[in-house]
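One structure is given here, and the rest of the page talks about it.
The values are calculated or read from the model by the stated rules, or taken from the named source; none is laboratory data. Bear in mind that the values here come from a model prediction, so they are computed numbers and not experimental data. FYI the Cβ positions are ideal-geometry reconstructions off the backbone, even for glycines, and counts take in every protein chain you see. Remember, those area values only see protein heavy atoms, side chains included, never the ligands or the DNA or RNA. Shrake-Rupley method; radii C 1.70, N 1.55, O 1.52, S 1.80 Å.
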Amino acid sequence: MSTPSDKHIPVLLSEVVQGLAVIGGGVYVDGTFGYGGYTKAILSAADCRVVAFDRDPAAIAGGQDIVADSAGRLNLVHACFSTMGEHLAPASVDGIALDIGVSSMQIDEADRGFSFRQNGPLDMRMSSDGETAADIVNLTGEKDLARIIYEFGEEKASRRVASAIVARRRERKFETTGDLASVVRSVVRASKDGIDPATRTFQGLRIAVNDELGELDRGLLAAERLLKPGGRLAIVSFHSLEDRRVKHFLRDRSSENAGSRHLPAPVSRRAPSFRLVSRKAIVPGDDETRRNPRARSARLRIAERTDAPVREATA
Ligand SMILES: C[S@@+](CC[C@H](N)C(=O)[O-])C[C@H]1O[C@@H](n2cnc3c(N)ncnc32)[C@H](O)[C@@H]1O
């Protein structure tokens, strides 16, 4: 029988598994289980253990077959990866993989409310609790709404979009993705590259609904605490907002950081807590993007934990 996971093609799979340098007896975290593509590959690479996280109850339910087949080597946890420190001890993990973003299961199901191509409830939550996109669109003040759409959606016409949303919700609250998409399309001109004018607004709202950048920042700090010396971190991201954060974090942690310029040098100079395994982001080859167009924007960064202590946030 074919299952959704058979149809899902994990992005940069061999690069991620190679980057983790999986060893027998090791403990690995898959922070974004999804269809379990990375988890299955890690479990097959060596006789190791995987602790996998997903915030989406549907991903956890879908992964039970993989748990059953794992002979006790997979522990699947329904939680955000930012909480991994509550489930694992400091310096106890040999590798952590994060494949940030939404899964095709989430995008393709109209009922999840991520897609402007199919009509569905305006939801966009990866988990089943918290504020929905409809809550944000119907209740957020115009200025804050414009900021969300500008900062997280990188939409230049964010003020025009926010103003159109506020005007429309005075008449009638937003309930569906189709509803929102048509209001955005009425005020944002279609670009020459054929990208739907609603794309950026939907991205901004999705990032806000799921606090995706906050999750990533907390996940990076948790990874620094959990990895053993020599442990590997492999992160795949799909847009520049995320990749920039990963790059800056790893650049900061892999340099002999001068820390705060308000502190005297001997106190603030600290040893790097990570070593970059690849200086540049690894991107999919032509072959992969031909087989899986979704991989086109993926960027993988890999770093190895040193034996230096965890760094506190720089001032
Ligand atoms: C791109 S998919 C992962 C696909 C996976 N690598 C595979 O090969 O099947 C991303 C998954 O991560 C989950 N996710 C995203 N952000 C998360 C977070 N902060 N904590 C836990 N899970 C998260 C989503 O619910 C989704 O199922």
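Considering only residues that are in contact (Cβ under 8 Å) with a residue 24 or more places away in the chain and within 11 Å of the chain's Cα centre (by Cα), which ones fall in region 202-219?
Listed by number, the residues that qualify are ILE207, ASN210, GLU212, LEU213, GLY214, GLU215, LEU216, ASP217, GLY219.
Within region 15-24, can one find any residue that is open to solvent by less than 50 Å² (accessible area, probe 1.4 Å), near the ligand (Cβ under 10 Å from one of its atoms), at pLDDT 95 or above and not basic (Lys, Arg)?
yes
Farther than 26 Å from PRO284 by Cα, open to solvent by 70 Å² or more (accessible area, probe 1.4 Å), of a type outside the set (Gly, Ala, Ser) and more than 15 Å from the ligand (Cβ to nearest atom): is that true of ARG73 in this structure?
Considered against the rule, which asks whether it is farther than 26 Å from PRO284 by Cα, open to solvent by 70 Å² or more (accessible area, probe 1.4 Å), of a type outside the set (Gly, Ala, Ser) and more than 15 Å from the ligand (Cβ to nearest atom), ARG73 comes out as no.
If I ask for residues that are among the polar types (S, T, N, Q) and either open to solvent by 50 Å² or more (accessible area, probe 1.4 Å) or within 19 Å of THR140 (Cβ to Cβ) (or both), which ones from region 167-204 would you list?
Matches in region 167-204: THR176, THR177, SER182, SER186, THR201, GLN203.
Checking MET124 against (1) more than 14 Å from the ligand (Cβ to nearest atom); (2) at positive phi; (3) open to solvent by less than 30 Å² (accessible area, probe 1.4 Å), only one condition comes out false. Which one?
Just one mismatch for MET124, condition (1).
Looking only at region 135-155, filter to residues that are out of contact with any Leu (no Cβ under 9 Å at 6 or more places or on another chain) and small (Gly, Ala, Ser); which one of those is nearest to ARG244 (Cα to Cα)?
Among those that are out of contact with any Leu (no Cβ under 9 Å at 6 or more places or on another chain) and small (Gly, Ala, Ser), it is ALA146.
Report whether or not THR132 is closer than 23 Å to LEU241 by Cβ and in contact with an Asp or Glu (Cβ under 7 Å, 6 or more places away or on another chain).
yes
Restricting attention to region 78-96, does a residue exist that is in contact with a Ser or Thr (Cβ under 8 Å, 6 or more places away or on another chain) and more than 7 Å from the ligand (Cβ to nearest atom)?
no
For region 127-166, enumerate the residues that are assigned to a loop (DSSP other than H, G, I, E, B), in contact (Cβ under 8 Å) with a residue 24 or more places away in the chain, of a type outside the set (Val, Ile, Thr) and open to solvent by less than 40 Å² (accessible area, probe 1.4 Å).
Within region 127-166, SER127, GLY153, GLU155, ALA157 qualify.
Quick one: in region 229-246, which of the residues that are touching an Asp or Glu at 6+ places or on another chain (Cβ under 6 Å) and either away from the ligand (no atom under 11 Å from the Cβ) or among the acidic types (Asp, Glu) (or both) is least open to solvent (accessible area, probe 1.4 Å)?
Within region 229-246, the match that is least open to solvent (accessible area, probe 1.4 Å) is GLY231.
With the structure loaded, tell me whether ALA162 is over 20 Å from the mean Cα position of the chain (by Cα) and of a type in the set (A, V, I, L, M, F, W, C) or whether it fails that test.
yes
Restricting the search to region 22-79, which residues are of a type in the set (Ser, Thr, Tyr) and in contact (Cβ under 8 Å) with a residue 40 or more places away in the chain?
If the condition is that a residue be of a type in the set (Ser, Thr, Tyr) and in contact (Cβ under 8 Å) with a residue 40 or more places away in the chain, then TYR28, THR32, TYR35, TYR38 are the ones that fit.
Out of ALA162, ALA167, ALA222, ALA190, I need the residue that is among the hydrophobic types (A, V, I, L, M, F, W, C) and within 16 Å of the ligand (Cβ to nearest atom). Which one?
ALA222
Any residue that is over 18 Å from the mean Cα position of the chain (by Cα), open to solvent by 30 Å² or more (accessible area, probe 1.4 Å) and not small (Gly, Ala, Ser) - is there at least one of those in region 56-64?
yes
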